[in-house]
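Okay, structure first, notes after.
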Amino acid sequence: MNKNIFIFLSFISLSFLFLLSCGDRRKNESKLTVFKYNEAAGITSLDPAFAKDQSNIWACNQLFNGLIQLNDKLEVEPGIAKYWEISDDGLCYTFYLRNDVYFHNNQVFKNRKVTAYDFEYSFNRIVDTKLVSSGAWVFNNVEQKNDTYSFKALNDTVFTIKLHHPFPPFLSILSMQYCSVVPKEAIEYYGKDFRKFPIGTGPFQFKMWKEGVKLVFVKNHNYFEKFKGESLPYLDAVAITFLIDKQSAFLEFVKGKLDFMSGIDASYKDELLTKRGQLNTKYQNKFKLITQPYLNTEYLGILIDTNLPLVKKNPLRLKAVRQAVNYGFDRKKMMKYLRNNIGTPGNYGIIPLGLPSFDSSRKQGYDYNPDLARKLLSDAGFPNGEGLPPITLSTTADYLDLCKYIQHQLSEIGIKIKIDVNPPAALKELKAQAKLNFFRASWIADYPDAENYLSLFYSKNFCPAGPNYTHFSNYEFDKLYELSQLEENDSLRYVLYRKMDNMIMQEAPVVILYYDQVLRFVQNNIDGLTGNPVNLLILKNVRKIDGN
């Protein structure tokens, strides 16, 4: 055979085999189930030590595990720890670990099993001042001796933590992504680049990240958790895009190019939802709406420390004026017309709907009562608002419509409100420096316990070191707060929580606006995606049916 002909036939044969192999590969790839969502806020780090923002938390939750985890009812369940014991004095926590958990295979190591020593390293890393982790505070209650924290691996599968005083919410705190286990070898190998080359134990493992464009995780075939005998996760991959424009992301979701969308923007609120907060008829056969109470209390804060020159001449220093503001506007109408009933009117206390200690039968907050508001103003020396100077309310542009609504309704009872719009960062700084009399604020739970909300009013938590932006100070409240931290019986602790919440409402250093709601829109071919009051994205139980 002519040599040239032989080469030509060989080339044709190889080309044919190549095309077949490409076809097989494309066929296999078409069977992959890829869950796609957009993260408009961006992701700054895949290192759980910096999982402060929701976007980082969601990503880290797919890659890492901790000792324990929370279910959708916010109940503590085993994670890498099979079970645990708490000493009678509430100071020592002993965790007994699984011995079948492995870190993701990577170029640093293969088949590396997790041990208690990895938790000792990971927790000490979080509190290391050189790292400057935003999560170091989660271990504030851990005992320290000579600047050494009481984290101790007794052997490969037993790990202990000692506290300097009892703190019942501590187990819930350990569910935070800050408390994930990481491998020392990988941290030392990658250094600061661990943020973009993460190695964990989670249901998915890192594949690629082009920052600001796309992030991909793939299935961890060695994941330790199962459901009804079947290995998790079900999905083959997770793909995250970073479209900044929320309207563009919404259109991608409507076209089916995204599987999931969280929350809602004003630009398409009325397009998607009715005034009753339900999915518009035109979309009911296209995708599903999942709603859930969200541990986020939206409120107006009032600086009440009369030792501050800023407060001494402000009318809000008077409790009766603060109460009049609380009675002076209709929260139910506000929610209906400005938020399509997304959330629950804030007619209760600071503790939000969704926490076990929330009690809807106890009406300790404020309903709309303009007549009572007028009487309170008169009692304070301002009949029909006469002699009452204008009160400045500081907010951000996102909440301007709510503030204008409140401004209008309060004007009808004689309270004049001036609105000052600030950039979010500036408002946050001014609040922390106690330079605002009246300001919009919110509190999203760091961990699912009412103590997290009540800590906003503990006198030892004055800003800027702590979250007490109102400078509320009450001796009886402080006593109850400290007593609640010693009470391990949930029911008895909840009684104390409600007493404190009632005290706050009576003194009115805040005006509760509403308790937020988780809104999740998901394509009809997605199964197993649920909601939870901390709005954590959990994908290990999700299935995607028919296509990628």
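Throughout, read-outs are computed from the coordinates displayed, never taken from laboratory work. Fair warning: this is a prediction, and the values are worked out from it, not measured in the lab. Glycine also receives a Cβ, built like all others from the backbone with ideal geometry; neighbour counts cover every protein chain displayed.
Would you please report the Å³ per residue occupied by the convex hull of the alpha carbon atoms in the stretch 69-171?
138
Quick one: which of 283-295, 56-68, 315-327 comes out on top by average Cβ neighbours within 10 Å, and what's the full order, highest first?
Those peptides, ordered most packed to least, come out 56-68, 315-327, 283-295.
Holding the Cα-Cα limit at 21 Å, pick out from 52/113; 333/363; 257/282; 31/544; 130/214 the pairs that are longer than that.
52/113; 130/214
Under a straight-distance cross-link criterion of Cα-Cα below 13 Å, which aspartates and glutamates are reachable from residue 207, leaving out those fewer than 8 residues away in the same chain?
The reachable aspartates and glutamates, counting only those whose Cα sits under 13 Å from residue 207, are 236.
Show me the ranking of peptides 382-390, 120-128 by mean Cβ neighbours inside 10 Å, starting with the highest.
In decreasing order of mean packing, 382-390, 120-128 become 120-128, 382-390.
Which whole-number percent gives the relative contact order of the chain, counting Cα pairs below 8 Å spaced six or more residues apart?
19
Would you work out the relative contact order for the stretch 43-202, in percent, from Cα pairs under 8 angstrom that are 6 or more residues apart?
33 percent.
Once you put a point 7 Å from the Cα of residue 247 and another 7 Å from the Cα of residue 435, both along the Cβ direction, what distance in nm separates them?
Rounded to a tenth, the inter-label distance reads 3.5 nm.
What does the convex hull of the Cα atoms come to per residue for the chain, in Å³?
So the per-residue Cα hull volume is 189 Å³.
Mind checking which of 43, 90, 173 is farthest towards the positive end of the stretch 43-202's charge dipole, using Cβ charges of +1 (Lys, Arg) and -1 (Asp, Glu) about the Cα centre?
43
Highest mean first, what order results for 146-155, 189-198 on Cβ atoms within 10 Å?
Put in order of decreasing packing, that is 189-198, 146-155.
How big is the stretch 175-270 by the Kirkwood estimate over distinct Cα pairs, in Å?
So the Kirkwood estimate lands at 16.1 Å.
If you count the DSSP beta bridges with both ends in the stretch 294-516, what percent of them are antiparallel, to the nearest 5?
65
Report, in deg cm²/dmol and to the nearest 500, the calculated mean residue ellipticity at 222 nm for the chain, where each DSSP H run with n ≥ 4 adds -39500 (n - 2.57) and the sum is divided by the residue count.
Using -39500 (n - 2.57) per qualifying helix, the result is -8500 deg cm²/dmol.
Using a basic spin-label model with each label point 7 Å from the Cα along Cα→Cβ, how many nm lie between residue 421 and residue 89?
Label at residue 421, label at residue 89, 5.7 nm between them.
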